[in-house]
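Let me begin by presenting the structure, written as structure tokens, before commenting on it.
Bear in mind these aren't lab numbers, they're just calculated from the coordinates by the rules spelled out. These numbers were taken from a predicted model, which means no experiment stands behind them. Neighbour counts run over all protein chains shown; Cβ positions are idealised from the backbone, glycine included.
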Amino acid sequence: MLSRSQFEIAAKAFIANHDSHSHSAWSWFDSARPGYGFMSRTTIHTRPIPAHDLADEETEDDATVTIHPTHEQLTCKQYVVYSASFQVPAFYFTIHNSNGSPLPLSEIVKSSLFKLGVPDGSHATTFALTMPTSSFPLLSQGDHPILGTPCWYLHPCESANAVQELMREVQQDTWDEITRLVRWLEMWFMVLGGAVSV
Amino acid sequence: MPIVQFTPFSSIIQPDFWHKLTNLKIDVLKLSDDALTVSGSYSTGRTVKDRESGQEIALGCTIALGDGAFDEREFGVPQGSVRANGTFKNYNTIEDFKAADKTSLFNQEAEKIWNQILTTRSTALLTHFLLITYADLKKYKYYYWFAFPAFVAKPAWELNGEWKGAGGEFSSSQLGSIHTQLKLQKEPLAFFLVRTDTQDVSISPVEEYETFFANTPSSAQTIAFVDPSAAPDSPGWPLRNLLAYLRALYPATTSTVRVLCWRDEHPVVEGLEWRSRFGVLEVGGAEAAAAVTRPQAVGWEKNPQGKLGPRAADLAPMMDPKRLAEQAVDLNLKLMRWRILPALDLEKVAGTKCLLLGAGTLGCYVARTLMGWGVRTITFVDSARVSFSNPVRQPLFEFADCLDGGKPKAECAAASLKRIFPGINATGHQLSIPMPGHPIPPNPTSLAQAKADVEKLERLIDEHDAVFLLMDSRESRWLPTVISAAKGKIVLNAALGFDTFLVMRHGARASSVKEGVTRLGCYYCNDIVAPADSLTDRTLDQMCTVTRPGLAAIAGSTAVELLASLVQHPDGIYAAAPPPAQDLHATQSYAEQGGSVLGSVPHQLRGFLAQFRNMPLVGAAYDRCTGCSETVLQAYEKDGFDMLVKAFNDQKYLETLTGLDKLFDEGEAALEAVDWDEDGEGDDDF
Ligand SMILES: [Zn+2]
């Protein structure tokens, strides 16, 4: 578990350690309330669009290219925000198409953000008690804790233990505080990466 | 030479923009439709790898508007992006939006850009755009249309040769130097000049054209711009106005221009190609005179259908509280499937239309649990009104519902469900169900009323998939038992004693069951008497007014969970009941053990709260049953209401019809002949 200030230290060091030359690099976003900043980034996803009839496409002038896009561009805004109740970072996101309309849930889980295909349900399976590790994260809808805008988020309840377990395996006595915090956040991303592309 | 074709801008709006617009409209703009300034940004053209096909997809020539669009001071241009400003106009009605004079609005903006070029020689407005909107705040729908005015060159620009990689014109170190110099700018440059000096290159804002290119051979002059297009052979939209700018201000030296389409936000790793493009453009024809009059402009954005027309954004799924509630309910259920039971067919449960006969204690709890399963159609039937004793035990009612004689329970319960979850389709019908042992008064009015009530019940049962029998008297269950059996509906029956309950499903109709299969019984199959007036002939399960308070919740939920298990079973209403002694093993799939994905589908469950114990039972159907035997069902199907009236009015009719009367006589005789064990174990409370 992390405190809010440890989270900020870890996040800033994590950002500094990682390649900023990438379109999907994380950056730190300071909020109006000091100490309540969060990590954010924007990633681009695509989904194929059915070809439509182009016969009656209007053309304005000869010097304008007529585009026939094969894919629709989806924008995913991602945030890593400190959860005070669970004392761990929590992953918030929105996915919208080019006009700003959010994707419905059924499309979100099919999008390239999620790594796990959602099972089709055609085959029989065993009962919950025999599947102690759940494969799909607890996805919920709620307002971004700092921005106040509606978001999806992965419930942070299970992450602390998972991160702790990974930390036990890698932890070294020689680490200073910042190294430990950054490694903690990296492990957190690793846990998150089991479910979504981060 | 081929004419140069430009990739038009396509807009990307982030939901934050709509949130900001909503606030702005409510708090600041109100009914004003004055023009405001908005800011957007664009960056170098990008490609992304498609996860499915693995191919690189060139993203559109996009310009994005986000939450900072209305705040000029705070508008932070994302790293590597350049800013573009626009004129924003919001209309108050869809009619105003549609009726707006688009041509004149467009020309005004084009005029602004042109004047800025001529009077200030600034490039600041070259990417100036127009955005008109109408926000339907009640429906969370936003209509909008962008225009990115670009001047049309006449004659058109032609390409001398072809577009090639910038690496074919500049050395890697020169391109690296351009990259470094761009990064050093205080304000990101959307347009810039490149001068090649023997080895090195230098860059400069376009505004310094004359001094920067003085004494520079034309082969060392290149004009450049941050190119949002990723298409190899068509530069992005901003180039159009840059060319118009140069032609207007420096006609003598710009009939041939060397163009660098800058697409490398990040320096290129050793061994990889630079993504920027290079080409030489020429204006055909003779010495073009300096353009004094404004050239024609084009640039309304097309909608996704490829038409010149407005677009609409629907934010209801993220903003409409009703939609949010619906999604949250869906999500909750889907998580059950995704995380625990992938084989669970949620839609099958949610799509089951449920008729609840009785809106009392059981009805309330059954409805709430059905709602938890995502069931969207719940219909109540009850004849009573809410009384003062109800709210504490019947969770769909409250104190206010009891006032003024009390609201009709069925309607009140339905209204309550809608308050709890607006996405539900709940209705209530005030109806008293005619029953055996309660003769219909022999007058035309009463008979007509009874007939209407029966018809209504028949229609309701027809319209639903599952019927819950949750009334407080035994004989009122008879009519729906018969109708539902005849129509092949799922019937779930729940009855309460003081600290015991019965929850059961009725078996399928005899004529529909395959030969050799044990048909499961109905509520009346164990009886050796026909249902009658329970005021005089009371059995324990009717004493519902005195029950332990937690019992109804347990029985109600049990009934719903039995329905859920039943509809998940591939055999549905024909699912065989597990033998009472069989335990399912959690280590093996329930379906493989004869159950549904949720587990076994018992026939009856008897609960004993005194021992906190539930007991599954199987009861075979009885071929003389007054509720489900073919004799009764066929008589009902043949004579309809007339047959039912006989059953209501004549105490002996059903017993005679089924032959129970003879059996009863035999039974009495047999009973008298045996020495009855009063403390016998087989004695139960039902
Ligand atoms: Zn029966």
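General observations
- Per-pair calculated FRET efficiency, R0 = 45 Å: A:Glu169 and B:Glu95 via Cβ, rounded to 0.05: 0.10
- Residues of the range A:141-161 falling in the label zone of A:Arg4, defined by backbone nitrogen less than 12 Å from a point 7 Å along Cα to beta-carbon, are A:146.
- Calculated on the Cα set of chain B, radius of gyration then Dmax: 39.6, 131 Å.
- Were the residues from B:His585 through B:Glu56 laid out at 0.36 nm apart, the gain over their Cα-Cα distance would be 185.4 nm.
- The mean sequence separation of alpha-carbon pairs under 8 Å and at least six residues apart, normalised by the residue count of the range B:157-294, gives a relative contact order of 33 percent.
- The modelled label-to-label distance for the pair B:Asn303/A:Ile49, using points 7 Å beyond Cα in the direction of Cβ, is 1.3 nm.
- Within 10 Å of each Cβ in B:332-344, the average number of Cβ atoms from other chains: 6
- Most tightly packed first, judged by the mean number of other beta-carbon atoms within 10 Å of their residues, the peptides B:119-130, B:419-430 read B:119-130, B:419-430.
- At 0.890 mPa s and 25 °C, Stokes diffusion of the range B:435-513 via Kirkwood alpha-carbon radius, µm² per second: 176 µm²/s
- Difference of contour (0.36 nm per residue) and Cα-Cα distance, B:Gln611 to B:Asn160: 153.0 nm
- Rounded to 10°, Cα long-axis angle of helix B:551-568 versus longest principal axis of chain B: 70 degrees
- Within the straight-line cut-off of under 20 Å between alpha carbons, the lysines reachable from B:Lys662 are B:Lys646, B:Lys652, sequence neighbours fewer than 8 places apart in one chain being disregarded.
- Helix-derived mean residue ellipticity, 222 nm - over the protein assembly as shown, DSSP H n ≥ 4, -39500 (n - 2.57), to 500: -8500 deg cm²/dmol
- Computed from Cα positions, the angle between helix B:409-420 and the longest principal axis of chain B comes to roughly 30 degrees.
- Between 0 and 90°, nearest 10: helix B:361-372 axis offset from chain B longest Cα axis: 30 degrees
- Zone of A:Arg33's modelled label, taken as backbone nitrogen in the range A:143-172 under 12 Å from a point 7 Å along Cα→Cβ: A:145-148
- Positive contributions from Lys and Arg (+1) and negative ones from Asp and Glu (-1), summed over other residues with Cβ under 15 Å from the Cβ of A:Arg33, come out at -1.
- Modelled this way, with points 7 Å down the Cα-to-C-beta line, the labels at B:Thr445 and B:Glu282 are 10.3 nm from one another.
- FRET efficiency, 1/(1 + (r/R0)^6) with R0 25 Å, evaluated for B:Ser204 and B:Thr180 via beta carbons: 0.95
- Average 1/r across all pairs of distinct alpha carbons in the range B:157-294, invert it, and you get the Kirkwood radius: 15.4 Å.
- Peptides B:486-495, B:212-221, B:232-241 ordered by average Cβ neighbours within 10 Å, highest first: B:232-241, B:486-495, B:212-221
- Full extension of the chain between A:Gln141 and A:Asp61 yields a length gain of 24.3 nm, computed as 0.36 nm times the residue separation minus the alpha carbon distance.
- Viscosity 1.306 mPa s, 10 °C: Kirkwood-radius Stokes-Einstein D of the protein assembly as shown over Cα pairs, µm²/s: 48 µm²/s
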